[in-house]
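The values are calculated or read from the model by the stated rules, or taken from the named source; none is laboratory data. Because the structure is a prediction, the values reported are computed rather than measured. Every residue, glycine among them, receives a Cβ derived from its backbone with ideal geometry; neighbour counts consider all protein chains shown. With ligands, DNA and RNA removed, areas are computed over all heavy atoms of the protein, side chains included. Shrake-Rupley method; radii C 1.70, N 1.55, O 1.52, S 1.80 Å.
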Amino acid sequence: MTFELSRLVRENIRRLKPYSSARSEFRGTAEVFLDANENAFGSPAGDGYNRYPDPLQVELKGLISASKCVAAEKIFVGNGSDEAIDLLFRVFCNPGRDEVIICPPTYGMYRVSAEINDVAITEVPLTLEFELDTPAILAAISERTKLVFICSPNNPTGNSMRRESIVEIAGKFDGIVVIDEAYIDFSAEPSFVSELETYPNVVVLQTFSKAWGMAGLRIGMAIASAGIVDLMNRVKPPYNVSGIAQRTAIKAFADRAKIDEWTAAVLDERAILSGDLAALAFVERIYASDANFLLVKVVDAETVYRFLLESHIVVRNRNNVELCGGCLRITVGTPDENERLIRVLRQFEKTESEGV
Ligand SMILES: Cc1ncc(COP(=O)(O)O)c(C=O)c1O
């Protein structure tokens, strides 16, 4: 296949003259900032909040670049990876004309973003083993297909997709293959970021919301060729990542060891939780997980879900999701939280066996 970025991009985006913000226009060192109509006196919120943040998050990208061994120009930083997903639609998909492929059951925002952007969705469900149906995906591609979404490890199933399948799709499709690696830090599989030189059509999504523990800050990344990143930067709102989010994330890099420690703890807890769940009579199956959650098939998902809620424990009910009938998605918590969950589930097992 031949991949031609300029041919894929929407015509209006190719022609777009992006907004030029005050802070991105000047070069050099300044001491007096009278360029952005900010409040020069200060901010009741604290030091520095009266000023607009860095529109291109240079310092943060420098740290991400060093930690992922990828050039800063290949990193887009957004208001969560959800912003990156939406931008990919806006850069590549003509509303009312183009199509994308998604592989349910998978992360719900691909569908929602497609619908918001009026882009047709072709669904190619995962196989019964939750693997990509590669021949069906390749057969579903039309000349209007712009994006193929692959979530690996996948939400809500938890498994990583087979690398050969991803490689085959990335190698044969001349549009954009989006590989969402939101849960990659919990996986033994290597990231696809190292393959970007070979596959210029791949966009890898990652996030600070999961292993990095910063869901509340809203910082996500798209890692791709400099050309794709440049297009996303041209379309994004000028100050898409707040100053507080940038500064706090920069500070978090100093505590990197803590993230590795927590990630290891999540993996240990995942194994313990999986063992405890497997011992429950009403648990039919626990799917193998490469993420910080387990997909668990139970005899009566609705009843278990309600029982947990009554005990003030909320899990995600996936009973009505394609291929996930009878399933609950349970995030791995702290040891205390997991023990409490298991205690309540044992209580459920007891009431069921007593026929109460
Ligand atoms: C697969 C996947 N991608 C992306 C996201 C969104 O991440 P963010 O918080 O960076 O928007 C989620 C959130 O649950 C997810 O499960």
Highest-fluctuation residue, 205, 309, 34 considered, GNM on the chain with Cα pairs under 10 Å: 34
Helix axis angle, 58-68 relative to the chain longest principal axis, alpha carbon, degrees: 50 degrees
Nearest-ten-degree value, helix 256-278 long axis tilted from longest Cα axis of the chain: 30 degrees
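Which percent, to the nearest 5, of DSSP beta bridges fully inside region 103-237 are antiparallel? Mind dumping the intermediate values first?
Details: 4 of 13 bridges.
Restricted to region 103-237, the bridges split so that about 30 percent are antiparallel.
Let me know the whole percent of all Cα-Cα pairs from the chain that are separated by more than 34 Å. Present the calculation step by step, with values, prior to reporting the outcome.
Numbers: 21236 of 63190 pairs.
Cα-Cα pairs in the chain separated by more than 34 Å: 34 percent.
Nearest 500 deg cm²/dmol is fine: what mean residue ellipticity at 222 nm does the chain get from its DSSP H runs of n ≥ 4 alone, each adding -39,500 (n - 2.57), divided by its residue count? If you can, show how the numbers build up before the last one.
Values: 13 runs with 133 residues, N = 356.
Helices in the chain give a 222 nm mean residue ellipticity of -11000 deg cm²/dmol.
What's the longest bit of the chain with no exposed GluC sites (Glu not before Pro), using DSSP loop states and at most 16 other Cβ atoms within 10 Å as the test?
Details: sites that count: 4, 31, 38, 129, 131, 143, 197, 322, 354.
My reading of the result: 198-321 is the longest stretch.
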17 Å Cα-Cα reach of residue 68 towards aspartates and glutamates, excluding residues that sit fewer than 8 places from it in its own chain: 59, 180, 181, 185, 189, 195, 197, 255, 260
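The chain: longest stretch without exposed trypsin sites (Lys or Arg not before Pro) (DSSP loop, at most 12 other Cβ within 10 Å), sites themselves excluded?
Numbers: sites that count: 27, 97.
The longest such stretch corresponds to 98-356.
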Between region 108-174 and region 322-337, the Cα center-to-center distance that results, in Å: 23 Å
Cysteines having no other Cys beta carbon under 4.7 Å from their own, within the chain: 69, 93, 103, 151
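Determine the alpha carbon to alpha carbon distance for each of 74/172; 146/297; 297/350 and list only those over 28 Å. The partial results should precede the final answer.
On the way: 74/172 23 Å; 146/297 35 Å; 297/350 18 Å.
Check vs 28 Å cut-off fails for 146/297.
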Pairwise FRET efficiency - residue 260 versus residue 16, Cβ, R0 = 30 Å, nearest 0.05: 0.15
5 Å-binned pair-distance histogram of region 149-261 (Cα, whole percent): 2, 10, 18, 22, 19, 16, 9, 3, 0
Antiparallel bridges, percent of DSSP beta bridges restricted to the chain (to nearest 5): 55 percent
Accessible area (Å², 1.4 Å probe, nearest 10) - residue 183: 20 Å²
